[in-house]
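This report refers to the structure that appears directly beneath it.
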Amino acid sequence: MTENRAHVEVDHEHIHAADHTDASAGRLSLAAVLNVGFAVIQVVVGLAIGSVVVLADAAHQAVDALGLVTAVIALRVARRPATDAWSFGFGKADALGGFVSALLLLGSVAWIVVESIKRLANPEPVDGVAVIVIGVIAIVVNGGSVLLVGHRHGEEAIAVRAARLHLITDLLGSVIVVASGVLLAAGGPDWIDPVASLILSAAVLWTTWQILASATAILLDRTPPRLSAHDVGALLEAQPGIERVHHVHLRPLGGSRVSVTAHVVVDGERSVHDTQEVVDELRQVLASERSITHSTLQIECHPCGDGDVVASRDSSCDTLGS
C-alpha cells in the first residue's frame, strides 16, 4: 500500500513538472517571437539613423531571441526519459542551452565593443528623437517579455534563467538607449552614442559571466553550492549502525536533481536483507534532510581500502558476501 501511494505521489510530481514545462515553453516561445520581430525593426532604424547604440541593442535583442529559442529546446529535451545510451537522462540539456546562449551573447558583446570604439574615433551625428522613440518601444517589448517569462521560486532551469537575465539586461539597455537619446536631442556631443553602447556592453558582460559560471559548474559536475561531500558523509555516518562513510561523490543531474554515491561501512555481520533496510533508511535520510532523491550506496562490512585511509578491521563478511 505504501509503495502504491509513493508511486501515485511521484506521478503527480511528474505531471506537475510537465505542466510547468509546457507553460514555460509557451511563454518563452511568445517572447522569442516578440524579440525577433523587434530586433528586425531595430536593425532597420539603427542603420537609417546611424546609431550604434540602437544597433548594439538590436544585436542584443537578436541574441536574446536565440537564447529564448535555445531555452525552449532545452526544456523540451531535458524532460525526455533516460535511455540505455543516456542512463542519467537529459537533465543537463538546460545547462548546455544556457552555456550556448551565453557564448552567443559574448560574441555580440565583442562586436558591439569593436563598433563602439570605431565610432568613438570617428563620431557621427545621430537623431536623438528617433533614438528615444525606438528606446521607449524597446522598453515596452522587453518589459512584456520579462513578465511573460516570469519567475519561479526555488530551483529552475539554467536556460530559462539565462533567458530572463538576457531580457532584464536588454530592458536596462533600452533605458540606456532612451537616456542617450535624450542627451543627443538636447544637443549633447556625438560620442554619447558609442559611450552608451559600451556601458550597455559592460552590463551584458556581467550577467553573461554569471550564466557561464553556473552552466559550467553543472556541465563539469561541480557539487551544488547548497551541499558538500563532507556534510553528506557526516550525515550518513551519524546514523545508527554506520561505522564509516567514504568515497562520497555528488553531482548535479540538471534542475534541482542531485545524485550521490558513497561507500558505507556497517557494524557487525549483516544479512543481505538487513543491509537493504540500512540502504532504505539512509535514502530516506538523504531525501528528508538534503532533498537528495537519487542515491547509490555501496554497503561494506569493512573498509574497502580503495584510496581512502580508514581504520582496519578483522570482522568477516561471510554473511554479507563480497
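Some notes on this structure:
- Cβ separations smaller than 7 Å between residues 6+ apart or across chains give the following pairs from the range 250-274 residues that are in contact (Cβ under 8 Å) with a residue 40 or more places away in the chain and more than 17 Å from residue 296 (Cβ to Cβ) to residues that are open to solvent by 60 Å² or more (accessible area, probe 1.4 Å) and of a type in the set (Asp, Glu): 255/155; 256/155.
- Residue check for residue 163: within 23 Å of residue 41 (Cβ to Cβ) and at pLDDT below 75: yes
- Qualifying residue in the range 207-220 (condition: hydrophobic (A, V, I, L, M, F, W, C), over 18 Å from residue 88 (Cβ atoms), over 17 Å from the mean Cα position of the chain (by Cα) and at pLDDT 85 or above): no
- Test set (1) out of contact with any Ser or Thr (no Cβ under 7 Å at 6 or more places or on another chain); (2) modelled with pLDDT of 90 or more; (3) open to solvent by 20 Å² or more (accessible area, probe 1.4 Å) - residue 229 fails condition number: (1)
- Candidates are the residues of the range 63-86 that are assigned to a helix (DSSP H, G or I) and not aliphatic (A, V, I, L, M); the one that is most open to solvent (accessible area, probe 1.4 Å) is 76.
- Residues of the range 119-145 satisfying the condition of being open to solvent by 40 Å² or more (accessible area, probe 1.4 Å) and either of a type in the set (A, V, I, L, M, F, W, C) or free of Cβ contacts under 8 Å to residues at least 24 places away in the same chain (or both): 120, 121, 122, 129, 132, 133, 136, 137, 139, 140
- Pick from the range 210-226, criterion without any contact (Cβ under 8 Å) to a residue 40 or more places away in the chain and part of a helix (DSSP H, G or I), ranking: most open to solvent (accessible area, probe 1.4 Å): 213
- Test: residue in the range 310-319 that is modelled with pLDDT of 90 or more, of a type in the set (Ser, Thr, Tyr) and surrounded by fewer than 14 Cβ atoms within 10 Å (Cβ to Cβ): no
The values are calculated or read from the model by the stated rules, or taken from the named source; none is laboratory data. Quantities reported herein were computed from a predicted structural model and do not represent experimental measurements. A quick note on method: Cβ atoms are made from the backbone with ideal geometry, for glycine too, and the neighbour counts reach across all protein chains shown. These accessible areas exclude ligands, DNA and RNA; they are computed on the full protein's heavy atoms, side chains included. Shrake-Rupley method; radii C 1.70, N 1.55, O 1.52, S 1.80 Å.
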